[in-house]
Amino acid sequence: MYKSSFQQVAILGGGPSALFIVKRFVARAIPELSITIFEKDDRLGYGMPYGQNGAADEHVTNVSGNEIPELMSDLADWIKKVPKDTLDKYHIDPDNFNDYKVLPRLLFGQYLNEQFNLLLKQARENGIETTVYYKSKVVDVIDEPIKKNVKVLLEDKRKFDFDRVIICTGHLWPVRNEGNVRGWFDSPYPPAKISIKADHAVAIRGSSLTAIDAIRTLGRHNGTFEKIDGKLCFRADTPNFKIDMYSRNGLLPAVRFHLEDSHLGKETVLPVDEVKTIRDQNEGFLPLDYVFEKNFKAGILKQDPEFYQQIKDMDMETFVDWIMEQREQADPFELLKQEYAEAEQSIRKRESVYWKEMLAILSFAMNYPAKYFSAEDWLRLQKKLMPLISVVIAFVPQSSAETLLAMHQAGKLDLHAVGEDGSFEPGEDGGVVIDGIHYQTFVDCIGQPHLKYEELPYPSLLKNRTLSPARLRFRNPERGRELTTVGQQKAVSYDQGHYYVTVPGVSINDSFQAVDEFNALNERIYIMAVPFIGGFNPDYSGLDFCEAASKAIIDSL
């Protein structure tokens, strides 16, 4: 047994990220450890997606039980213990439920809450002191290097000192026009605020899972869904109710299918030694093309040789253009029908759609070494690959696809492409104006934005320069110089002989430790707050991310 260099640990936020941090602490059985959790709501485990702040009865998860990391109880076993009236509310038959089915999000939140409480009980039994402060909003974090501790300040003026602080505050939806512009909603969360009757057209920006959340809520409150001859149909309550979606490329996300590897290739993440070797050969950079070949095309060759023959000579841009062109040529709702049928067959036969699965694996695998991309590769990633990834690996549940198709068939849902230059401006009388068309109700559904370093809600970390903005160096200085002459001066900077692009969020290392402007890591502060690490971790969503990131943090501790 060893004595650790820290005893008092604070976890800011009590959602799924914190759940997996606690799980790791319990598994390691670190002696003399005290864990304090600050949660702004009154329950643990739910976070934004699985509680009232992010879901209502109509919302379902986009993962099934077999796809979530192992917790205290198997999900299918847990369902059998849920009270009958709760199961009846969600039309769930426990005898017909298995780990391949999705759950209502609020019910899944109950599951995570129970898992968290079981973990805390086990922690106490293992001698780990645990304290939870509910309804406690953290308003500042102050690093004190001389004292070698971190001070946490609450909204009610209470102060606490800790050896280590792990920031797990989860999703954050900045308020920009909401409240000042009538009929404008900066996000669809909490869904209660858009649970409105609308005898008019509603505009939605985006077409991803966030947009689908808004559509399910608005559909439920403005009409009736019923099965007719086995097909879901929609009937609006008022003649003028309609939803117009606007997205950059006019595409709908793909439907969830059977995953051969339900945990998306955790073993395919590039080993640390391999990353170091490749970086040593490439001036300290990890080439995006190397990751694309290793974590995507190599998997396709192994799993689907026939498909590989079609793409073997394609680079990343060519592949993305090829796939996107096929999607853009098809009517989005007709394509949704086709992919729904493909997904049904995939699930029935338990056979994957390999290229889509490998794209999800690529997204997961490149997340952690992305901080070693050059600025040029990061810009390529954002412009080309991430738009495709966001469409294909959204894994829209079947019931959500049925909702979209039913509302479209009823003439109450359409999708429009606005291109790169589409504008969404507040109307003079409220609402929004999109390409000259005025809507009195607008819901911004582009998903969790990657927030800037300056938007971190802990002023002392910024004032004392404990943290630094995330940035990536240009491998070719000429490219950086070019961008400073074409209106990118704010994003591109010149420092000590090198050009850099500033990317969203804060700078962190592989262990999610804060890094200051002198590239010195801070061993006291860890940042797992998803809106603020998007620059160095471009795909940070889901429980798989929570599990993997928690391992990196606890390994470092």
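Values as computed for the structure displayed
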{"quantity": "Residue, farthest from A29 (Cα to Cα), within segment 118-157, restricted to residues that are within 31 Å of the chain's Cα centre (by Cα) and of a type in the set (S, T, N, Q)", "calculated": "S136"}
{"quantity": "The lone exception for T169 - which of (1) in contact (Cβ under 8 Å) with a residue 60 or more places away in the chain; (2) more than 21 Å from V530 (Cα to Cα); (3) not aliphatic (A, V, I, L, M) it fails", "calculated": "(2)"}
{"quantity": "Identity of the residue in segment 307-330, at pLDDT below 95 and among the acidic types (D, E), that ends up farthest from L251 (Cα to Cα)", "calculated": "E325"}
{"quantity": "Single residue of segment 512-529 satisfying the filter (of a type in the set (A, V, I, L, M) and within 19 Å of L472 (Cα to Cα)) that is surrounded by the most Cβ atoms within 10 Å (Cβ to Cβ)", "calculated": "I527"}
{"quantity": "Test: residue in segment 315-332 that is hydrophobic (A, V, I, L, M, F, W, C), in contact (Cβ under 8 Å) with a residue 24 or more places away in the chain and farther than 20 Å from K384 by Cβ", "calculated": "no"}
{"quantity": "Residue check for N66: under 30 Å from I215 (Cβ atoms) and surrounded by fewer than 17 Cβ atoms within 10 Å (Cβ to Cβ)", "calculated": "yes"}
{"quantity": "Wholly enclosed helices (runs of 4 or more DSSP H) of segment 264-339 bearing at least 3 residues within 29 Å of P397 (Cα to Cα)", "calculated": "298-303, 305-311, 316-329"}
{"quantity": "Check on K81, in a loop (DSSP other than H, G, I, E, B), surrounded by fewer than 22 Cβ atoms within 10 Å (Cβ to Cβ) and more than 25 Å from the chain's Cα centre (by Cα)", "calculated": "yes"}
{"quantity": "Test: residue in segment 100-110 that is within 25 Å of H221 (Cβ to Cβ), of a type in the set (G, A, S) and in contact with a His (Cβ under 8 Å, 6 or more places away or on another chain)", "calculated": "no"}
{"quantity": "Which listed residue, of L467, L483, is assigned to a loop (DSSP other than H, G, I, E, B), crowded, with 18+ Cβ neighbours inside 10 Å and in contact with a strand residue (DSSP E or B) (Cβ under 9 Å, 6 or more places away or on another chain)", "calculated": "L467"}
{"quantity": "Residues satisfying the stated conditions in segment 4-32, i.e. closer than 18 Å to K151 by Cα and not in a strand (DSSP E or B)", "calculated": "S5, F6, Q7, G13"}
{"quantity": "Filter pass, S352 being within 26 Å of the chain's Cα centre (by Cα), surrounded by 13 or more Cβ atoms within 10 Å (Cβ to Cβ) and not in a helix (DSSP H, G or I)", "calculated": "yes"}
{"quantity": "Single residue of segment 396-421 satisfying the filter (assigned to a loop (DSSP other than H, G, I, E, B) and charged (D, E, K, R)) that is farthest from the chain's Cα centre (by Cα)", "calculated": "K412"}
{"quantity": "Verdict on F296 being touching a residue at least 40 places away in the same chain (Cβ under 8 Å) and buried (at least 17 other Cβ atoms within 10 Å of the Cβ)", "calculated": "yes"}
{"quantity": "Filtered residues of segment 196-247 (kept if within 29 Å of the chain's Cα centre (by Cα), surrounded by fewer than 22 Cβ atoms within 10 Å (Cβ to Cβ) and of a type in the set (S, T, Y))", "calculated": "S208"}
{"quantity": "Test result for D199, assigned to a loop (DSSP other than H, G, I, E, B), over 30 Å from I347 (Cα atoms) and out of contact with any helix residue (DSSP H, G or I) (no Cβ under 9 Å at 6 or more places or on another chain)", "calculated": "yes"}
{"quantity": "Leading residue by the ranking (modelled with the lowest pLDDT) among those in segment 425-470 that are among the small types (G, A, S) and under 29 Å from S207 (Cβ atoms)", "calculated": "G447"}
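Condition check ((1) aromatic (F, W, Y); (2) out of contact with any helix residue (DSSP H, G or I) (no Cβ under 7 Å at 6 or more places or on another chain)) across all residues:
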site: V503; (1), (2): no, no
site: V506; (1), (2): no, no
site: Q513; (1), (2): no, no
site: E517; (1), (2): no, yes
site: L521; (1), (2): no, yes
site: I525; (1), (2): no, yes
site: P531; (1), (2): no, yes
site: F536; (1), (2): yes, no
site: I554; (1), (2): no, no
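Conditions tested, residue by residue: (1) without any contact (Cβ under 8 Å) to a residue 40 or more places away in the chain; (2) surrounded by 17 or more Cβ atoms within 10 Å (Cβ to Cβ); (3) part of a strand (DSSP E or B).
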site	(1), (2), (3)
L87	yes, no, no
H91	yes, no, no
K101	yes, yes, no
Q110	yes, yes, no
Q115	no, yes, no
L118	no, no, no
K121	yes, no, no
R124	yes, no, no
V141	no, yes, yes
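The values are calculated or read from the model by the stated rules, or taken from the named source; none is laboratory data. What you see is a predicted model, and the numbers here were worked out from it, not measured in a lab. Every residue, glycine as well, gets a Cβ built from its backbone with ideal geometry; the counts of neighbours run over all protein chains shown.
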